Structure formats: C-alpha cells, structure tokens
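The structure appears below as structure tokens.
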Amino acid sequence: MFVRMNHLPGWLESYRTLPRPVLLFAAAQFLINLINSAQFLLLNLFLKDQGMSDPAIAALTSQRFVATFFLALPAGLWLRGRPLRKPMLTGTMLFPLTALVSLETVRLGMMGAASGCFLAMGFAGLVLNVAGLPMMMRLAPPKKSSEALSLLFATWAAASICAGLLSTVLQSIGQIDIGGLRIVFNDHATLLLLTLTGFGAPFILARIPDPTPRDRPAKNWLHVRRADWPVLTRALLPTLCIATGAGLSIQFLNLFFDSVHQLGSAAYSAFGAMSSVLVLFAGLFVPEVKRLLGWRGAILGVQGAAVVLLAAMGLTELWKTSSWALPFALTCFVLRQPLMNMAGPSTSELTMTYVGERNRELVSACNGAIWSGAWWLAARSFELLRAHHLPYWQVFLVTSVLYFVGSVSYLLLIRTVERRDADEAALAAGLAEAVNCPPPRS
C-alpha cells in the first residue's frame, strides 16, 4: 500500500496553479539570470586576470549602464501597447551572444570590439528588463499576479545560488585531462559555461503565447498624455530614493566588512550565499505575506525592518573592537537582504497596478534608467565621501534615510490603489444588487 504524500504548504501550493506560460517565462528568465549572476560574481576578476586596471575595468563594464541610461526611455515609449514576445525573443538571443563575444574579444585583446560588445549587451539587457515585468503581468491571471511576480524575482536568487555553487565546484576541481586535452576551470571557463546556458532561453520563450494588450499603441509613440505625467512622477519617486540609497552602500558592503571588521572575501561570500538562500524562500513567501498583511505589511513593514537592520549594521563600526560587533553585523547582513528583496515583487505589482496597462512598459524602462543613473551617481558620491574620510556608519545612515523616504512614498500609491479597488468593489456590489432586486410594482 502506497502512502499519499502530504500536500505542500499553502504558500507553495499556490504556485502549482500558475499557468504554463508563466512557468516557461520564469524558466527562460532563470537562464538569462545565470549569465547576470556569473558576471556579477566573476567578470571583474576575469578582466583583472587579463591585466586590466581597476579604472579600465570600470570604464569597460560601465558601457552596459550607458546603453540602459540613454536608451531606456525611447525603448519604453516604443514598446507601449505592443506585443512583447518578439522583442523578448530578440533580447534573449542577443544577450547571451553579446556576452559570449564580449568574453572572447577581451581574451583576444580586441578592446575596441569588446567595448562595442558591452554596449550591445547593455542594450539587449535593457530590452529584457523593460519588457519582462509587463510581459509577466500579461501572462498571469489578475488573481495570480503576486505569485507570478514573486516567481520572477525568485529566479534571480536561484540563479545566484546555482552560479555560486557551480563556480565553487569547478574552481575546486581546478583542471582535468581528457585524452591529452587539458581543461582548466578558471574564471573564464565558468563564465563561458554559464553564458552558453543562456542560449536555451529563446527556445523556451518561443513556446509561450503573445498576449495582445487592451490599449493599442499610439500613432505618435513618443507622445505621453499630459494626465499621465503626475502618475508617472509619483510612481517613480520611491524608486529614485531607494535606488540612490542602494547605490551609496549596498554595492560597497564587501568593502565595509573588509575595512571595518577585517572579514575576508571567502567568508563574506559564504554569508552572501546564505543570504541568497533566504532571499529565494522569502521571495516565494511574498504572496502569503501580502494576503495576511496587505500592501502596507508587504511593503512598508518588511522595508521598515530592513532599514532598521541596515542602520544597525552600519553603527557596529562605532564598536568594531567589541567581540559582539562582527557577529551582530553579519546577522543584520544576512537578514536585511531577504527582507528588502521581499518587498520587490509587491512594489513592482503595486507600481504596475497604479500606472495601468498603458504605461507599464514606460515605467519599467524609467525604473531601469533610474537604477543605472542612480548607481553611477551614488558610486561617484561614495568615492567623494570616502575620499573625505566620512565613516561608513554615516554613509549607511544616509542610505537608511533615503530608504525610509522611498518606503513612505509608496504609501501614496497604496492609498490610491486601495481607494480604486474599494470603488470598483462598491460598483460591482451595486450592479449585483440592481440585478437581483425585483422591479417595482406599478
């Protein structure tokens, strides 16, 4: 006699009912994110092994952000109201191809061609980022949008874990000999292997439908309605605050732990991997949090806790000689990232709901431009602040203030969406009552 397995927990069971196109789209995004994760972990190290200096590495890799910053708005305007599968297919073919050619041109010393490839890779990534969220919103039923977006965000954490594990395993092997052929598993080999996996993404995307948007594209695609400008401004203000705050400190956390607490890169990577595992499970738990606590708990609550942890982590610099400072800072580090990332699917769903279907591609493009521009500007600001010997804890407090302002800015969007939902529910109830009410007797 076979024993029936217990059902999955409710918060995981809801993902089993997602439509097949949503699952396929998330699988394709996972393969693309393997490339992103590999580059995040290993690209700078590979470029350094090729003899490039830190300024040269920064100049080359920044070509990707140049494409995003300058082309995001035109791309978002052009994609509004159009079918998105063909642009997504184009992006998923171009991104791994340009990533592969970028690696090989650097290896062969063709730096002029490499610069052009990094620029093209930035454009391909831009297309994927601009069209990704709106495409998922079109594929998912309205009642399943929270699960769909949470799954999409979880692909990044899953790809980070897989890329980190594969890199560790391959580089621990070092090299193997097969029939007299020696294969060395260095940074280049790991980047090459994970980049090649991305070529499977367009084959998966080719199997999903291409939902037709309700709003047709405008004849003048550069035109934005006057009434949409206040909506777009309110929707983008929280992103501007949070992106600037993140650029000031999050990309330099490894420097904080190295300079303040003398934590080595291997230990930092281990705790980062632990945090990525929590990010994956916390991201999948987002729909349940939203159902239990609503928009306010899913966004303001978890972001507020993350801000407190960030500030507490930075303040450990004042007691860095104490035995408890490093364990406390690491605890804050491991818990902060999952909490902050938990708000990502909810803030994306809230913003996309607030701006409406007509402006989703435009907002997605503007978000990409804001993140790229804010991180570049924040990196320059961090360089200036540290040059004047401003301590890390003060930089982290500035980040916490920006995070707080960004989180509170979401409150306006939440109130608008809640009021709109209440009006629609009242209208539906009124119509139902009118249908069920018998006509008056004459």
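Things to note:
- Filter result for the condition that a residue is surrounded by fewer than 19 Cβ atoms within 10 Å (Cβ to Cβ) and either modelled with pLDDT of 90 or more or under 19 Å from the mean Cα position of the chain (by Cα) (or both), over Val308, Val302: Val308
- Condition met for Leu152 (under 20 Å from Leu34 (Cβ atoms) and surrounded by 21 or more Cβ atoms within 10 Å (Cβ to Cβ)): yes
- Region 38-63, residues that are open to solvent by 50 Å² or more (accessible area, probe 1.4 Å), free of Cβ contacts under 8 Å to residues at least 24 places away in the same chain and either in a helix (DSSP H, G or I) or touching a strand residue (DSSP E or B) at 6+ places or on another chain (Cβ under 7 Å) (or both): Asn44, Lys48, Asp54, Pro55, Ala58, Ala59
- Every condition in (1) open to solvent by 20 Å² or more (accessible area, probe 1.4 Å); (2) under 27 Å from Ile161 (Cβ atoms); (3) of a type outside the set (Phe, Trp, Tyr); (4) under 20 Å from the mean Cα position of the chain (by Cα) holds for Thr353 except the one numbered (2).
- Whichever residue in region 412-427 is touching a residue at least 40 places away in the same chain (Cβ under 8 Å) and open to solvent by 40 Å² or more (accessible area, probe 1.4 Å) and, among such residues, is farthest from Leu232 (Cα to Cα): Glu418
- Filtering region 337-349 to residues that are closer than 19 Å to Glu418 by Cβ and either touching a Phe, Trp or Tyr at 6+ places or on another chain (Cβ under 6 Å) or open to solvent by 10 Å² or more (accessible area, probe 1.4 Å) (or both) leaves Pro345, Thr347, Ser348, Glu349.
- In region 235-262, the residues that are open to solvent by 10 Å² or more (accessible area, probe 1.4 Å) and within 22 Å of Leu362 (Cβ to Cβ): Leu236, Leu237, Thr239, Leu240, Cys241, Ile242, Thr244
- Condition met for Glu104 (among the acidic types (Asp, Glu) and within 26 Å of Met52 (Cβ to Cβ)): yes
- Members of region 399-411 found to be surrounded by fewer than 19 Cβ atoms within 10 Å (Cβ to Cβ) and of a type in the set (Val, Ile, Thr), listed by number: Val401, Val405, Val408
- Exactly one residue out of Ala379, Ala426, Ala369, Ala422 is touching a helix residue (DSSP H, G or I) at 6+ places or on another chain (Cβ under 8 Å) and at pLDDT 70 or above, and it is Ala369.
- Unique residue being aromatic (Phe, Trp, Tyr) and over 25 Å from Leu263 (Cβ atoms) when the list is Tyr392, Tyr403, Tyr354: Tyr354
- Index of the failed condition, Pro96 passing every other in (1) open to solvent by less than 10 Å² (accessible area, probe 1.4 Å); (2) closer than 21 Å to Ala369 by Cβ: (2)
- Some residue of region 317-339 being of a type outside the set (A, V, I, L, M, F, W, C), under 21 Å from Arg415 (Cβ atoms), out of contact with any His (no Cβ under 9 Å at 6 or more places or on another chain) and part of a helix (DSSP H, G or I): no
- Residue count, region 238-250 (criterion: of a type in the set (S, T, N, Q) and out of contact with any helix residue (DSSP H, G or I) (no Cβ under 7 Å at 6 or more places or on another chain)): 0
- Against the test of being free of Cβ contacts under 8 Å to residues at least 24 places away in the same chain and farther than 23 Å from Met274 by Cα, the options Thr331, Thr321, Thr347, Thr351 yield a single qualifying residue, Thr321.
- Residues being open to solvent by less than 50 Å² (accessible area, probe 1.4 Å) and either more than 17 Å from Asn359 (Cβ to Cβ) or not in a helix (DSSP H, G or I) (or both) - total across region 64-86: 5
- All of (1) more than 20 Å from the chain's Cα centre (by Cα); (2) basic (Lys, Arg); (3) under 15 Å from Ser372 (Cα atoms) hold for Arg64 with one exception: (1).
The values are calculated or read from the model by the stated rules, or taken from the named source; none is laboratory data. Owing to the predicted nature of the structure, the values given are computational and were not obtained by experimental measurement. All Cβ positions, even for glycine, are placed from backbone atoms using ideal geometry, and neighbour counts span all protein chains on display. Remember, those area values only see protein heavy atoms, side chains included, never the ligands or the DNA or RNA. Shrake-Rupley method; radii C 1.70, N 1.55, O 1.52, S 1.80 Å.
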